[in-house]
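Read the structure below first, then the notes.
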Amino acid sequence: MKQYGLEDIRNVVLLSHCGAGKTSAAEAMLFTAGAINRLGKVDDGTTTSDYDPDEVKRKISLSLTMLPCEWKDTKINLIDTPGFADFVGEVKAAIRVSEGAVIVVCAASGVEVGTEQVWAYSEEANLPRLIFVNKMDRENADFNRTVEELRSRFGAKCLPLQLPIGAQSDFQGVVDLLTMKAYVGSPAKEAEIPSSLQSQVESFREKLVEAAAEVDDTLIEKYLGGEELSLEELSGGLRQAVTTGKVVPVLVGSALQNRGTALLLDAMHSYLPSPKERDVVIIGAAGKQETIAPSQDAPLAALVFKTSADPYVGKLTYFRVYNGAMESNSQVWNATQGETERIGQLFVMRGKTQEPVPQLRAGDIGAVAKLNVTGTGDTLSSRDKPVKIAPIVFPKPIFSEAVYPKTKADLDKLGATLARLAEEDLTLQVHRDPDTNETVILGLGETQIEVAAEKMLRKFGVGVELSTPRVPYKETITIPAKAEYKHKKQTGGHGQYGHVLLELEPLPRGSGNEFTDKIVGGSIPKNYIPAVEKGVNEAVHEGVLARYPVVDIKTRLYDGSFHPVDSSEICFKIAGAGALKKGLSEGQPILLEPIMNIRVTVPESYTGDIIADLNTKRARVQGMSPEGGTNVIEAQVPLAEIQRYVIDLKSITQGRASYTMDFSHYEETPPHITQKIIAARQAEKT
Ligand SMILES: Nc1nc2c(ncn2[C@@H]2O[C@H](COP(=O)(O)OP(=O)(O)OP(=O)(O)O)[C@@H](O)[C@H]2O)c(=O)[nH]1
Ligand SMILES: [Mg+2]
């Protein structure tokens, strides 16, 4: 097996708005590099990347895929990612293990919402990048317009490195402005630069040469002195400009026609940084982030960035080696969990294909099956020199659905299956809501959860129905009340007797329930008091309005009576429960609903629409802070109104907004809504 040094590897993530052509471009590059010998198509469900049956069915990528190939003695680990917003967790993981990015833009649609988002993620991760303007063969494809959009949105650092020859049905090939060579057809053949393009070629080349010269004092002197720079000097200068983020070269082509893809591989090889050029961020002493230089000779440090669960293949763990090397059939130290992990056969993955390898060295990416203690985000290292690489930060879930198994058999497998899905996708969480007795799956959007449900059926044979989770309403009282309950039964021999007097009092929100014993003079003997308390504690599980749990009341047991023969614990428990229910009815009960804090981040121009929509949702807007074109709106909104806010917000802003949400407090539900909830609960019972 060929050993790659740190300089011989490129880890490159493909990013774009959904459907711009990442998967198709990756397929064309694999084919061009000879890694595959048949060029698949997304529309036929035959690409190397979209191999999952759900991807084939939907014709979109749903998870990140490793697509390595070799190009000019360099190993290029392409990482294809989904463009659909619900799957941003995969994008974040892929960005984390890459040193460079290619942002794919559709030549007909130009800069889209998703383009802006992935641009922001790459800025945040400080990733050097290239732009590939794809679909030049399509109707309405326009390179110049797309470049103008790119430059006005992302700045003048977006500079064409190539120009297209022809467009739409007449798209023929590409002119490379650095080598001043033209390539037409597929596979590409060298050709003359068309004379019609000459003046455009010259003016764009000038900009590129200037930008490449600017990074280096000797180059800029030469350039200003009117001297020609050699190709080597230019390409060295451009490389420096790209790796430092000063220039983002714009390339062009058609993935579907496999045009421009060899030059795209060339550009990754020549201008994107190798693992050697990026320090590793680790968690040092006292939990502080530190950086260390990567090395193949240092002790092992590898970050797990993806886990996939499959009932047949088993668990597959994807990792990126940052330091040292990982060996097949070895033992490593999981520094995150503090446990030893056994490593079996290592693989290099290409789509679903596993190629066994004896070793993976720093800079490279691979996978291993059936690990025991390791999950996504963990660091595998050496026992003697344990290190923890900074983990991947995933967005928090904001959308939830209740999961109901379809059959008894489905119920039995539900828990284990959900746990595996949550292990696979860290933006999914599963929990059991003790208040509503529902199993709830939380994620980033409706599609993500639908896909998860389909996966449960297809992979694990578990059928489920999804529904909007119940709102965990509560009940309480608003005025103090007294109640008396006598449980008395005279049957044949032994009778039943328990008699309890309670005082109820409302407590401030969030206090919980309290029970105190104020019996004096033994009107109820001490040994029966715990039974009364038990009765009260059970009765608060179901309030008198709509059978929701009762909270924030203080119960005082102050009197009662007993019978020396007929009284028993069970009689006092019944009396305690009965008295509580009566007291609740007397205390002017109300329904409480959960109120959430939300923070919506949105382009300023949508502020009015967002506020108008929030007003229809009984929201209280608490603050707005405009900042550089975006606005952060903070509000408190009843949970019942924003359970499907992801969907509303997407349609109001075409996906330009995002939000976070967390629980704030419980508050009285307005009377007209209370009436509806009570009616719904009654209907449910009958
Ligand atoms: N005409 C034309 N169509 C293309 C080209 N590249 C991709 N397509 C089509 O565009 C659609 C989307 O392509 P994909 O490669 O799946 O795009 P993607 O960016 O991977 O999409 P997501 O994974 O959903 O984000 C498919 O129907 C492709 O056939 C191209 O160069 N020209
Ligand atoms: Mg795709």
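The values are calculated or read from the model by the stated rules, or taken from the named source; none is laboratory data. None of these values were measured; they are calculated from a predicted model. When we count neighbours, we look across all protein chains shown, and the Cβ atoms used for this are built from the backbone with ideal geometry, even at glycine. Please note that ligands, DNA and RNA were not included when accessible areas were found on the heavy atoms of the full protein model with its side chains. Shrake-Rupley method; radii C 1.70, N 1.55, O 1.52, S 1.80 Å.
A few notes on this one:
- Averaging the Cα positions of each part gives two centres, and for segment 70-109 and segment 368-384 these lie 24 Å apart.
- Here the accessible area is traced with a 1.4 Å probe on the protein chains. For segment 420-532, carbon and sulfur cover 50 percent of it.
- Degrees, to the nearest 10: 569-586 long Cα axis against longest axis of the chain: 70
- Beyond 23 Å in Cα-Cα separation lie the following of the pairs LYS315/LYS352; LYS370/LYS396; LYS75/LYS370; LYS573/LYS685; LYS486/LYS554: LYS370/LYS396; LYS75/LYS370; LYS573/LYS685.
- Largest-first principal axis extents of the Cα set of segment 535-595 (Å): 50, 18, 15
- Element breakdown for segment 238-295 at a 1.4 angstrom probe: carbon and sulfur atoms account for 51% of the accessible area.
- Distribution of pairwise C-alpha distances over the chain, 20 Å bins, in %: 16, 39, 28, 13, 5, 1
- Dividing the Cα radius of gyration of segment 294-394 by 2.2 N^0.38 Å, with N the residue count, gives 0.97.
- Relative protection proxy for 503-513, 621-631, 260-270, 594-604, from highest mean packing down: 260-270, 594-604, 503-513, 621-631 (other beta-carbon atoms within 10 angstrom).
- Residues whose amide H falls under 5 Å from that of ASP142, counting only those 5 or more places apart or on a different chain, are ALA108, with hydrogens built in the peptide plane.
- Ratio of Rg to Rh for segment 537-636: 1.35 [Cα atoms; Kirkwood radius as inverse mean 1/r over pairs].
- The chain: angle of helix 408-424 to the longest principal axis, Cα-based, in degrees nearest 10: 50
- By average C-beta atoms within 10 angstrom, highest first, the peptides 207-216, 648-657, 100-109: 100-109, 207-216, 648-657
- With viscosity 1.306 mPa s and temperature 10 °C, the Kirkwood radius over alpha carbon pairs of segment 324-367 converts through Stokes-Einstein to a diffusion coefficient of 142 µm²/s.
- Remark on segment 467-557: Rg and Dmax equal 15.8, 55 Å (Cα only).
- Checking the Cα-Cα distances for LYS482/LYS676; LYS288/LYS455; LYS2/LYS59; LYS581/LYS676; LYS207/LYS650 against a 32 Å cut-off, the pairs over it are LYS288/LYS455; LYS2/LYS59; LYS207/LYS650.
- R0 of 51 Å, Cβ-Cβ distance ASN437-ARG38: FRET efficiency to nearest 0.05: 0.45
- Peptide ranges 336-347, 45-56 listed from the most packed, as the mean C-beta count within 10 angstrom indicates: 45-56, 336-347
- Additional length obtainable on full extension of the chain from ILE678 to GLU450, 0.36 nm per residue less Cα span: 79.0 nm
- Considering segment 127-213, its Cα convex hull presents a mean projected area of 6.3 nm².
- Segment 360-501: Rg to Rh, with Rh as the Kirkwood radius over Cα pairs: 1.26
- Charge dipole (the chain, unit charges on Cβ, about Cα centre) - positive-most of ALA167, PRO594, CYS69: PRO594
- On segment 544-616, 53 percent of the accessible area sits on carbon and sulfur atoms, based on a 1.4 Å probe.
- Phi to ³J(HN,Hα) by Karplus 6.51 cos²θ - 1.76 cosθ + 1.60 over segment 26-37, Hz, x for Gly, Pro: 5, 4, 5, 5, 4, 5, 4, 7, x, 6, 10, 10
- In degrees, nearest ten, helix 143-154 long axis to first principal axis of the chain (Cα): 50
- Three semi-axes of the equivalent ellipsoid, segment 33-128, Cα gyration tensor, whole Å, largest first: 21, 19, 13
- From its DSSP helices (H runs of at least four residues, each -39,500 (n - 2.57)), the chain gives a residue-normalised ellipticity at 222 nm of -8500 deg cm²/dmol.
- Computed E for GLU339/ASP170 - FRET, C-beta separation, R0 51 angstrom, nearest 0.05: 0.25
- In this rough spin-label picture, where each label sits 7 Å from Cα along the Cβ direction, the SER328-SER561 distance is 8.7 nm.
- Fully extending the segment from LEU231 to SER585 would add 118.7 nm, taking 0.36 nm per residue of separation and subtracting the current Cα-Cα distance.
- Difference of contour (0.36 nm per residue) and Cα-Cα distance, SER605 to LYS222: 133.2 nm
- Taken per residue, the accessible surface of the chain reaches 44 Å², heavy atoms only and a 1.4 Å probe.
- Using the Cβ-Cβ distance between SER523 and GLU569 with R0 set to 25 Å, the FRET efficiency works out to roughly 0.90.
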